Amino acid sequence: MAGPATDHPVVAAGPSRKLRTGLIVAPVLLAVAVTATLVARPGPVDGWLAGEPTTAPTVASSPEPTPTPVLAAANADAGVPPSSAAVTAALAPLVGGPALGAQVRISVRDAATGEALYERGPDVRTTPASTTKLVTAATVLAARGPAYRLTTRVVAGAQPGEVVLIGGGDPTLAVNGKAQFPGAARLDRLAGQVKKALGGAAPTRVLIDTSLFTGPETGPGWTAGVISPEGQVARIQSLMTNAGRIRPVHNEVGGDPRYRDPALAAGRAFAAQLGVSGPVRRATAPATVADPSAADPSAAPGAPAPGTELGRVQSPPLVHLVDWMLEQSDNVIAEALGRQVALAAGQPASFQAAAAAMLGKLAELGLPVAEAQLADASGLSRRNALTPSLLTDLLVLAAGGRQPVLSRVFSGLPVAGWSGTLRTRFATPAPNQVGRGIVRAKTGSLNGVNAISGALVTRDGRLLIFAILADRTGGTPAARQALDRIVARLAACGC
């Protein structure tokens, strides 16, 4: 089992000419920019539902209040772009506060025109924390497509009675119906397939093959605490259940305990489903046989030939994994998806190869790849560095329709005051509340690092794209409120 990695090279892109003028978006495509379906919904509903009334209801004497909009639609007829001077006047007084420190880098763009409305060090590479996941989402969608599924297989082992569980890189695999991720592939169903394939023969040993992923299992620049029992990530292996969690419950605050060896834990869970006792160990699966009917003459009568596939289960479509990664800021899913970018490019599934492949995909998309330096796909590494303008370039491109697959990035972004890592944000102080239901964004935080990047609709109905990265902040709660205040002011702007 690999220990914390300290010798990975950081993958940085070479020079790349930046062509932001090529990212201009037609106003008619604004609706794509937030999600394929733009709706208005009430705000959070906790406490709204009660039992049957004990008295007859009375007719309200005043009109029902307008519900908080969620994913409010941009106004395609908002023909006048915001004024850069007005946006600057609105935001500049909020940027210099002590909570965010001196290194605050900002890019605000109009989604329809691509015009820069406010910039502060937009081309300075800055520690992005989990806003790195926007790059991961875009590159894996571009590399694999939204319908791609990850497959977990079982084949017959080299010895009679052996079955080999082969990790296919699906971090959302579940043991049974108690899954962290809705619709996840399940080991109990896979075990049912294996039993059926074996007929009356009972398996006697379970082996696991985790060879799909290579290299160290912890990322370059990860601190020791991130993978502790109270941490937010597991060792990155090609076989695991519930993203390595011991219990299928997501805990954003207070730790998210993971198995020390997620693959071995998954193997043991699978053995239990098959009713196999005895130790589970690692092995390389026999090559899959092209003709399962060509059984080994020396094998027991009716025994499947080594490498015969006995069962397979598939993950939900990749777009759902991307949604869960962004909404919950799941670091394990992010690293697994980064490796899919590498595999799609014919490269090894390692930290280094994933980072290189993600940069390569950015270049293919025509983005300013020289503004990115990557060491992992989750943003846990402090060796990552992105510019705010790269993030807004990516989101403007995703909003524009020229790369339709990228529009799926928006569907997983948390909504302020409603879902994911923004569920409790934009609540206090009062000026921040204007962003509730209006802001859809990916957050990021490490000690001394706070960031947010996404999309919002202004008071005038204009769709804006933004990125704010600060890597010399004070305490996290104050820094988050300061970021929320800036974004909420932008949403309230009649600019």
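The values are calculated or read from the model by the stated rules, or taken from the named source; none is laboratory data. Because the structure is a prediction, the values reported are computed rather than measured. Virtual Cβ from ideal backbone geometry, glycine too; neighbours counted across all protein chains shown.
Counting only residues that are under 26 Å from ARG245 (Cβ atoms) and among the polar types (S, T, N, Q), which one in segment 266-295 is modelled with the highest pLDDT? Full working, then the answer.
Residues of segment 266-295 under 26 Å from ARG245 (Cβ atoms): 266-283, 285.
Next, only the ones that are among the polar types (S, T, N, Q) stay: 273, 277.
Values: GLN273: 98, SER277: 95.
The extreme case among them is GLN273.
Condition check ((1) within 21 Å of THR288 (Cα to Cα); (2) in contact with a Phe, Trp or Tyr (Cβ under 9 Å, 6 or more places away or on another chain); (3) assigned by TED's automatic domain parsing to the domain that holds PRO279; (4) in a loop (DSSP other than H, G, I, E, B)) across all residues:
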| residue | (1), (2), (3), (4) |
| --- | --- |
| VAL163 | yes, yes, yes, no |
| THR172 | no, yes, yes, yes |
| GLN180 | no, yes, yes, yes |
| ALA184 | no, no, yes, yes |
| GLY192 | yes, no, yes, no |
| LYS195 | yes, no, yes, no |
| ALA201 | yes, no, yes, yes |
| VAL206 | yes, yes, yes, no |
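Give segment 104-129 a look and list any residue that's assigned to a loop (DSSP other than H, G, I, E, B), in contact with a strand residue (DSSP E or B) (Cβ under 6 Å, 6 or more places away or on another chain) and surrounded by 19 or more Cβ atoms within 10 Å (Cβ to Cβ), or say none. Break it down stepwise before answering.
First pass over segment 104-129, keeping only residues assigned to a loop (DSSP other than H, G, I, E, B): 111-115, 121-125, 127-128.
Checking the rest, the ones that are also in contact with a strand residue (DSSP E or B) (Cβ under 6 Å, 6 or more places away or on another chain) come to 111, 121-122, 124-125, 127-128.
Passing the criteria: ALA111, PRO122, ARG125, THR127, PRO128.
Has segment 430-440 got any residue that is surrounded by fewer than 24 Cβ atoms within 10 Å (Cβ to Cβ), within 21 Å of the chain's Cα centre (by Cα) and more than 24 Å from SER83 (Cα to Cα)? Explain how you work it out, then say what you get.
Going residue by residue through segment 430-440, those that are surrounded by fewer than 24 Cβ atoms within 10 Å (Cβ to Cβ) are 430-431, 433-434, 436.
If we keep only those that are within 21 Å of the chain's Cα centre (by Cα) too, we end up with none.
No, segment 430-440 has no match at all.
Right, PRO160: of a type outside the set (A, V, I, L, M, F, W, C) and over 24 Å from THR210 (Cα atoms) or not?
Numbers: of a type outside the set (A, V, I, L, M, F, W, C): yes; over 24 Å from THR210 (Cα atoms): no.
Considered against the rule, which asks whether it is of a type outside the set (A, V, I, L, M, F, W, C) and over 24 Å from THR210 (Cα atoms), PRO160 comes out as no.
May I ask you to verify whether ALA158 is in contact (Cβ under 8 Å) with a residue 40 or more places away in the chain and in a helix (DSSP H, G or I)? Quick ask: steps written out before the conclusion?
Details: in contact (Cβ under 8 Å) with a residue 40 or more places away in the chain: yes; in a helix (DSSP H, G or I): no.
For ALA158, the condition - in contact (Cβ under 8 Å) with a residue 40 or more places away in the chain and in a helix (DSSP H, G or I) - is not met.
Suppose we filter segment 303-359 for residues that are under 28 Å from PRO182 (Cβ atoms) and not in a helix (DSSP H, G or I); how many remain? Explain how you work it out, then say what you get.
Here is the first cut: in segment 303-359, the ones under 28 Å from PRO182 (Cβ atoms) are 309-344, 349, 354, 358.
Next cut, not in a helix (DSSP H, G or I) only: 309-317, 329-330, 349.
Selection size over segment 303-359: 12.
Would you tally the residues in segment 202-240 being of a type in the set (A, V, I, L, M) and exposed (fewer than 15 other Cβ atoms within 10 Å of the Cβ)? Break it down into steps so the answer makes sense when it comes.
From segment 202-240, those of a type in the set (A, V, I, L, M) are 202, 206-208, 212, 224, 226-227, 233-234, 236, 239-240; that's our starting set.
If we keep only those that are exposed (fewer than 15 other Cβ atoms within 10 Å of the Cβ) too, we end up with 202, 224.
So the answer is 2.
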